[in-house]
Amino acid sequence: MSQARTFHIGPIRPPSEAESLLLQVTRGCTWNKCRFCNLYRDTRFKAYSADEVKRDIDVIASYAEEIRGYLHGLQWDLDGLNERLASIPDDEQRQCFYMVARWLLGGGETVFLQDGNTTALSSGRLSDVLIYLKKTFPQIRRITSYGRAEELSRHDADYFAELKEAGLDRIHSGFETGSDRVLELIHKGTTSDHEIRAGKNIRAGGIELSIYFMPGIGGKELSEENAEGTARVLNEAEPDFIRIRTGAVKPGTELYDDYLQGRFSLCSDDDKVREIRRVIELTPKAGTRLVSDHMVNLLQDIEGCLGLERDRRRMLGRIDEYMELPETDRRVFQLLRRTLRAYDLDDMKRLSEAEMGQLREAVAAPTDRQWDEKMNGYISRFI
């Protein structure tokens, strides 16, 4: 196997794309100035040419052809695949082989285009890549991508209709908030008007839109505004999904420096839960589905359609069940969640009285500020 048998793989993808093939179309982020994020700080943005991406697709196809040789009828020869994987001496080639194998074992039907803003490419170049990808792998049923709200707002519905025709099915976009004051605070480089215009044009072009909301990213001072502004954008843009990504202030970012210098106050987990509740309250007509598909979220089982009364009652009821707990028990649950010892409130209910007593003693001592810092540190590990 030659050194040329590698393809580009970026650092991140949404949890909903865990089974997807990762195909890097751009590297880094066109903006790269958000004050809560340092993922791409040392990465210069690069847009790969259509020929470069097609070459990667060809490499993936060559791996796929070899890997399919381990499929006998409907049964995969997993021992043979593992032996082949272990025999590859080059780490990068081994990673590429593993990704394609895992993708095919999972059905080989979904692809995620990386990195942070693939829609910065012209529609012609991106369409060329999409058409070639689907021609190479006809079994693909869904292709998704990241896109920045400000960039997306520059394009009309025809641009997105062209991408839809070529094969792009869903765009993920980190709106983070619908509040202009919070957008300015985190230096997002966009406005709520950009978000609304982008959302309307994407959906008019026939592409699904999945946006991200960060409870707590505005700090205590802008907590209520963070929720209310986000609800306004949801009601105007009506994305298909709103995905909760609990905000945290990560060391090494400008926002963390603001916190250390007293210019930013951390929201508590309870503040963030109240923001989520407020968003649900203020969007009774949106067809948007709320999804809590990340371990950074305290109440990960809060999911449902914002426009369905049945789902709204269930989500609000689950939030209220948490908020009605004594403060010490809420802290216990926060600790269990942040240390991956509980998924939902039912897990905490299974603890014995002796275990709960020990945990209540452990969480009672820290001040509110100390506790919020501790939980922020736990969340930051997963960002």
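Once the chain from D158 to R314 is taken as fully extended at 0.36 nm per residue, the excess over their C-alpha distance is 52.3 nm.
GNM on the chain, alpha-carbon springs under 10 angstrom: the most fluctuating residue among I186, I319, I88 is I88. Distance between the 7 Å Cα→Cβ label points at D346 and D51: 5.7 nm.
Binning the C-alpha pair distances of the chain at 10 Å intervals from 0 yields a P(r) profile of 5, 22, 28, 24, 16, 5, 0 %, listed from the shortest bin outward. The relative contact order of the chain comes to 13 percent, based on Cα pairs under 8 Å that sit 6 or more residues apart. Separation of the stretch 289-350 and the stretch 204-224 by C-alpha centroid, Å? If you average the Cα positions of each part, the centres end up 19 Å apart.
Taking the fewest neighbouring Cβ atoms within 10 Å as the starting point, the ordered list for H8, H294 is H294, H8. The long axis of helix 223-237 is offset from the longest Cα principal axis of the chain by roughly 40 degrees. Taking Cα atoms only, the orientation of helix 157-166 departs from the longest principal axis of the chain by about 50 degrees. Exposure proxy for E19, E83: other Cβ atoms within 10 Å of each Cβ, ordered fewest to most, give E83, E19. Under 14 Å from a label point set 7 Å out along the Cα-to-Cβ vector of S62, the amide N atoms of the stretch 88-129 belong to 93-94, 96-97. In degrees, nearest 10, range 0 to 90: what is the angle between the Cα axis of helix 50-68 and the longest Cα principal axis of the chain? The helix 50-68 is inclined about 80 degrees to the chain.
In the structure shown, do any of K220/K250; K134/K285; K135/K188; K46/K272 have a Cα-Cα gap over 27 Å, and if so which?
On the way: K220/K250 16 Å; K134/K285 36 Å; K135/K188 37 Å; K46/K272 35 Å.
K134/K285; K135/K188; K46/K272, as the Cα separations exceed 27 Å there.
Extending 7 Å from Cα along the Cβ direction at Q95 and again at E373 yields two label points whose distance is 3.5 nm.
By the beta-carbon count within 10 Å of each Cβ, the least crowded to most crowded order of D56, D257, D169, fewest first, is D257, D169, D56.
What stretch of the chain, leaving out the sites themselves, is the longest with no trypsin sites (Lys or Arg not before Pro) in a DSSP loop having at most 14 other Cβ atoms within 10 Å?
The longest such stretch corresponds to 45-140.
Taking the chain as a Gaussian network of alpha-carbon nodes connected by springs under 10 Å, the highest mean-square fluctuation of the residues L121, L71, L163 belongs to L71.
Across the stretch 171-194, the residues whose backbone nitrogen lies under 17 Å from the label position 7 Å along the beta-carbon direction of T43 are 172-174.
Throughout, read-outs are computed from the coordinates displayed, never taken from laboratory work. All figures in this text were calculated on a predicted structure; none of them were measured in a lab. Positions of Cβ are generated from backbone atoms using ideal geometry, with glycine treated the same way; all protein chains shown enter the neighbour counts.
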